[in-house]
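Report on the structure given below.
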Amino acid sequence: MTANRTESLHLYDYLCWKIGSDKEVKGRRLNFIAIDTSFKYQISSGSKSEGLDIKGSDIDLMFINQNFKVYESERDNVQVQRAVLIMDITDTHPCFTRLCLYTNYTRLHKDHRKVLEQHGMKYFLSNKLYKQNISKSITKARPMFNKIHGPCISDDDDEYDLAFCLKCDKWISQAVPWINRPRSSWLSPEIVNEIIMNGIQCLSASETLHDYTRCYISINKQLNINTRLVQDVLQISRNFHVPFDKRRSCILLKCLRHPSKTDLSHDIFLYFMSAGHQVLPTISHPRHTQNNKLQYDMYKYNISYLLMGLHSDAVTGWLMLASLFYVHKNYLISLDLIDYALSKFTDEKCDHLFSSKTRNIMTPKQQFALDMMKKEKLITTLKSLTITNLQFAFKSQILPKELQQEDIKGNTSFHPLAFAHFLRFLCCYHLHDFISCRDAMQDLSVSIKKILPPKDFASTLCLRSSLFVGIVAQMLGATDSAREYFNFIAQLDKANYTSASTRLRELG
């Protein structure tokens, strides 16, 4: 009995090392729950959203297609404001169905007709045409998503699987036996009822590792839970740009704070709230409709939100605040904030976000710093030891005017170190301090070589960082150098994520 118990504990240690402890698994789940509550029609699925960080696993995302609505039969309460599909299980394999068009074909949008095939007098949704049409639409905006993988659209690196789903609001009759299926312990009646009421996609946390809660053992000291939780948050932050507004704030509060009153859920809630407060002031507002008082109120409002956004990492919040002051021509205040942010770029900061698509090995200094803070709360560690990229919403009101052309593809991101030196140059330029301008330009060039290795040069962050040098050269009158930079970047930027091609044409 003792031998079996020892072997079980060794296996538990191994699983904790391989996929994470119960706290890590819960932390990853909470991260994905926070992500899903921020997107109305996105649902995380697969092993990663279950909290299992298994080598080689991808990120599975489901998106609800709002163009179609599925009903089991015509007897259901059919809503005709959208293209309606009715299930047809005639001559189909078990668990499969054909989807027959109920809406008048002539009333459909031409894009909706492209995914339908006619059989006799009826139109059916074509699996092949549906995926091809979705893939074509995605590839225009995100060229890396160019592969059809089973029912999903995948990227070049097989890091993501995107499934575009059709929603049926009612619990279909074929699935009714599942409700009364005999169960020993899993799933609990409460979870079954939640699934029946809300649909499987609304299940906020599965019980994949439910037996972990019945085990107690001290994790091997080599397994620094704090380190892995920080890495998980950084990785998810890199993969998702989370939108934010007051409605999403209330949803996060309900999902993460009330049901699970733990320090971990509280910290993750605060992290996403703080990161969201960085995004909200970047949303564009039409200034021409505002009088001076409204503009001043908006200015104070943005400052208060950016101050609340200082808690998600060590640098980004300060640079967003500096950008706001720059846009409002408070150059000296902006310079002070930039200098403070630059002082935070130290060797122990965890900035794996920028260097690779996979989790990197911690440097000794980074690991030591995390070990020193292993008794601190997760939110404290994230605020003190991590650095994330800057995210600006489309047509952001706090993005410097010199970069307004960069949001041609929607939301825009920048590497914080390169952005800091570029913003420092802009402040000095408008203060007519051209000696400091030259210093900032030199620091910008050095920082790009330091933070972005050659193998990642074609990444979006690298291209935008390199574009800073071209803009600086153009502002200083070095037109030939600027043209050379823009031309080089334009050749690498096949998808036009930067304004290099536009700037090159403007130079003539």
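Please state the charge dipole magnitude for region 95-139, taken about the Cα centre, from unit charges on C-beta atoms (+1 on K and R, -1 on D and E), reported in debye and rounded to the nearest 20. Display every interim value, and only then the final one.
On the way: 9 positive and 2 negative charges, 13 e Å.
So the magnitude is around 60 debye.
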Name the aspartates and glutamates eligible as straight-distance cross-link partners of residue 395: C-alpha to C-alpha under 19 Å, and not fewer than 8 places from it in the same chain. 245, 406, 407
Within region 1-158: Cβ-based charge dipole about Cα centre, in debye rounded to nearest 20 (Lys, Arg +1; Asp, Glu -1): 700 debye
Let me spell out the model: positive unit charges on the Cβ of Lys and Arg, negative unit charges on the Cβ of Asp and Glu, origin at the Cα centre of region 415-508. What dipole size does that give, in debye rounded to 20? 220 debye
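Are any of the pairs 140/401; 344/449; 40/136 more than 21 Å apart by Cα-Cα distance, and if so, which?
140/401; 40/136
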Exposure-ranked with fewest Cβ neighbours within 10 Å first, 305, 271, 105 stand as 105, 305, 271
Give the separation of the Cα centroids, region 317-335 to region 96-167, in Å. 46 Å
Greater than 24 Å apart at Cα, pairs in 110/170; 147/494; 26/55: 110/170
In whole Å, what are the Cα extents of region 15-95 along the three principal axes, biggest one first? 52, 32, 19
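Would you mind ranking 55, 167, 349, 69 so that the residue whose beta carbon has the fewest other beta carbons within 10 Å leads the list? Write down the numbers at each step before the final one.
On the way: 55 7, 167 13, 349 17, 69 20.
Ascending number of Cβ neighbours within 10 Å: 55, 167, 349, 69.
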Heads up, region 74-162 by the C-alpha gyration tensor (a ≥ b ≥ c square roots of eigenvalues; a/c under 1.5 rounded, else a/b over b/c prolate, else oblate) looks prolate
State whether region 415-508 is rounded, prolate or oblate according to the following rule on the C-alpha gyration tensor (a ≥ b ≥ c being the square roots of its eigenvalues): a/c under 1.5 gives rounded; otherwise a/b larger than b/c gives prolate, and the remaining case gives oblate. oblate
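Read the figures in this text as sums done on the coordinates, not as results from a lab. Because the structure is a prediction, the values reported are computed rather than measured. Virtual Cβ from ideal backbone geometry, glycine too; neighbours counted across all protein chains shown.
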